[in-house]
1. Please work out how much length the chain gains when fully extended from residue 169 to residue 81, using 0.36 nm per residue of separation minus the C-alpha to C-alpha distance, in nm with one decimal.
2. Just grab the label-to-label distance for residue 89 and residue 30, each label 7 Å out from Cα along the Cβ direction, in nm (one decimal).
3. Against the 2.2 N^0.38 Å scaling, with N counting residues, where does region 15-127 land? I'd like the Cα-based Rg ratio to two decimal places.
4. Longer than 19 Å from Cα to Cα, which of 76/102; 44/133; 46/76; 46/102; 79/102; 46/101 are they? Say none if no pair is.
5. What ³J(HN,Hα) values, in whole Hz, does the Karplus curve 6.51 cos²θ - 1.76 cosθ + 1.60 give for region 123-132 when θ = phi - 60°, with x put for Gly and Pro?
6. Taking only C-alpha pairs under 8 Å that are 6+ residues apart, what is the relative contact order of region 12-74 in percent?
7. Identify the trypsin sites (Lys or Arg not before Pro) of region 81-116 meeting these criteria: DSSP loop state and at most 15 other C-beta atoms within 10 Å of the C-beta.
Amino acid sequence: MLCKESENALELHITGTCMLDEFIRYTALQRDQAPLASLLIYLKRKGGYVQLNQIWRENGPTGGGPFWNQTTLLNKLDKLERLGIVSMERRILPSPRDEAKKKTNTFYRLSSTTPLYPYIFAMLKIYREEPDKYSSELVDKPLDHLSDLAGRSACGDPLVGRELEVAVELIGEVFSVGEGEVRRMIKERMARKGMIRDRRNELPENAPPEIKIKPKRAATGAKKSSKKEKTKPMSEEEDSE
């Protein structure tokens, strides 16, 4: 008999597999994979909820995006929501023209629970334009590539881990740093986004005030005080002691 955690894990696996199969079928209907791939990358870069008006403004013709009419964009977002790839939320906000009036606004974000989520940026390839300038563009058939990666991950393909290693190597090459520095950069970025906690800077709330001083400042202060002590004349009280 399966325990509750095992049942939940199995349910998530089955749901993810069905979603992936449905996404692959949906991908097969795309005559041009670039618009949908660009939308997924855009939402991944944004991270949180993005207002529909902003998505249209930055992905429509005004922003030089791949969508030429709002209906196509809405259809894509609606399908992605039904697949569980994006989450939709409606919020009642004051009207920008009249604060007394309330207006319903629609927001979307990429769901971090979808099996596709970790591999969205794999649809991009980075290349060097100039010695210090790098650009990116979509790979050939980006949605097929995304589905392939997510499918192999679900099957426990060890090559997927190698793809992540290659990504670390690529970042190291772009910024001319070693693997340790790349991992530090990734951790710092994740900490800034609130995805992880930087435990190096965390101290207990009941820690004495002197311990909470930053090491660098504390060391500097100690250095200065020792220097002052050398040059400071001894007071009468100190002399009597």
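1. Numbers: separation 88, 0.36 × 88 = 31.68 nm, distance 3.39 nm.
Here the answer is 28.3 nm.
2. That separation, rounded to one decimal, is 2.5 nm.
3. On the way: Rg = 15.1 Å, N = 113, 2.2 N^0.38 = 13.3 Å.
So the Cα radius of gyration is 1.14 times the expected 2.2 N^0.38 Å.
4. Details: 76/102 27 Å; 44/133 23 Å; 46/76 17 Å; 46/102 26 Å; 79/102 28 Å; 46/101 28 Å.
In this structure, 76/102; 44/133; 46/102; 79/102; 46/101 exceed 19 Å between Cα atoms.
5. Each residue's phi maps through the Karplus curve to give 7, 10, 10, 9, 9, 8, 8, 9, x, 10 Hz.
6. Numbers: 23 pairs, mean separation 12.4, N = 63.
Computed value for region 12-74: 20 percent relative contact order.
7. Values: sites: 82, 90, 91, 97, 101, 102, 103, 109; in loops: 97, 101.
Qualifying residues, ordered by number: 97, 101.
Bear in mind that the values in this text are calculations on the coordinates, not laboratory data. In this text the structure is predicted, and so the values were computed from the model without any measurement. Every residue, glycine as well, gets a Cβ built from its backbone with ideal geometry; the counts of neighbours run over all protein chains shown.
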